[in-house]
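The values are calculated or read from the model by the stated rules, or taken from the named source; none is laboratory data. Since the model is a prediction, treat every value here as computed from it, not as a measurement. Virtual Cβ from ideal backbone geometry, glycine too; neighbours counted across all protein chains shown.
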Amino acid sequence: MVGKSPASPTKLRPVKQAARFVREPPQSFIECGGSLFSVGFVAMGTLLASVLPLAIGAAISPTILAAQLLLLSNKSDPLKKSAAALVGSGLVLILYTAIPLALGAGSSSSSSPSTVDGIVKLLFAVLLLGLGVRAALGSGSGSKKQKRKPAEGPGLVRSFEFGAVMMLINFTTLALYFPAIHEVAASPENSSDKFVVILIVFLITMIPAYVPLLATIALGEHARRVLAKFNLFLTSHQQGLKVGICFLFAAYLGVSGLKILFQ
């Protein structure tokens, strides 16, 4: 019987080298990979930091919070109704996200902000200024709408519609959310970084819609009492908060837009 000839050292050498590379990768390879990761992480963090103020401003929404507390106070299926409203408002915000994404995608290849970015910021600065003046004059408070009971009987479909409508008429939130998403879409970062930042901005903006529901599931009646007190504070100071947010972010977007146009 003829035995198999042993593999030659020449054939084994590449295998041994590969195994050694896996066990003990070169320091230069580790440093290169680490530097690429750190550069990407820093770039994403910088992008997130630039839109985080707008996301936080968009999340300060007595309208959505009051709507959720109203549904959670219902005697029949309050959690299901709140969840339906959450889906409705979230769906509206997801569909709304497509608009600034489409507008910003055209200028994402540039390494610096384009004229379109500056114009978008100025337009929404003017819009926020108008909303601030309107709120200061005492019109359009929307408090009467919030006192209306949206869901009777089964109520899930109407709760869904109620959540969607509350997001649609939440003009201050939408006016802050739009330029934030547009800035992310127009940035030169890669698609995965943009997706992560957009997801974070979306989740921050939706805080008034899902935190009351999650808190009620976790803490029950105690959460309802705490949230009701917080909502009472927000609604009693709603006009001042809205005026302050609108004027503050109108100035923020106005300065940012002018810097881009005249840089």
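Quick one: which residue in Ala125, Ala136, Ala151, Ala164 is surrounded by 14 or more Cβ atoms within 10 Å (Cβ to Cβ), among the hydrophobic types (A, V, I, L, M, F, W, C) and modelled with pLDDT under 55?
Ala151
List every residue pair whose Cβ atoms lie under 8 Å apart, where the two residues are 6 or more positions apart in sequence or sit on different chains, the first residue falls within the stretch 232-260 and is touching a residue at least 60 places away in the same chain (Cβ under 8 Å), and the second residue, located anywhere, is among the basic types (Lys, Arg) and surrounded by 13 or more Cβ atoms within 10 Å (Cβ to Cβ).
Close Cβ pairs (under 8 Å, with a partner that is among the basic types (Lys, Arg) and surrounded by 13 or more Cβ atoms within 10 Å (Cβ to Cβ)) amount to Leu253/Lys121; Gly254/Lys121; Ser256/Lys121; Gly257/Lys121; Ile260/Lys121.
Go through the stretch 162-217 and report how many residues are outside any helix (DSSP H, G or I) and more than 18 Å from Ile94 (Cβ to Cβ).
4
Do we have Thr235 as within 23 Å of Arg134 (Cβ to Cβ) and either touching a Phe, Trp or Tyr at 6+ places or on another chain (Cβ under 6 Å) or assigned to a helix (DSSP H, G or I) (or both) here?
yes
Are there any pairs with C-beta distances below 6 angstrom linking a residue in the stretch 94-109 that is of a type in the set (Val, Ile, Thr) to a residue that is at pLDDT 90 or above, with the two at least 6 apart or on different chains, and if so which?
Partner pairs satisfying both residue conditions: Thr97/Ile181.
Identify the single condition in (1) at pLDDT below 90; (2) surrounded by 13 or more Cβ atoms within 10 Å (Cβ to Cβ); (3) more than 26 Å from Met44 (Cβ to Cβ) that Arg225 does not satisfy, given that it satisfies every other one.
If we test Arg225 against (1) at pLDDT below 90; (2) surrounded by 13 or more Cβ atoms within 10 Å (Cβ to Cβ); (3) more than 26 Å from Met44 (Cβ to Cβ), just (2) comes out false.
Take Phe195 and tell me if it is within 18 Å of Leu103 (Cβ to Cβ), free of Cβ contacts under 8 Å to residues at least 40 places away in the same chain and surrounded by fewer than 17 Cβ atoms within 10 Å (Cβ to Cβ).
yes
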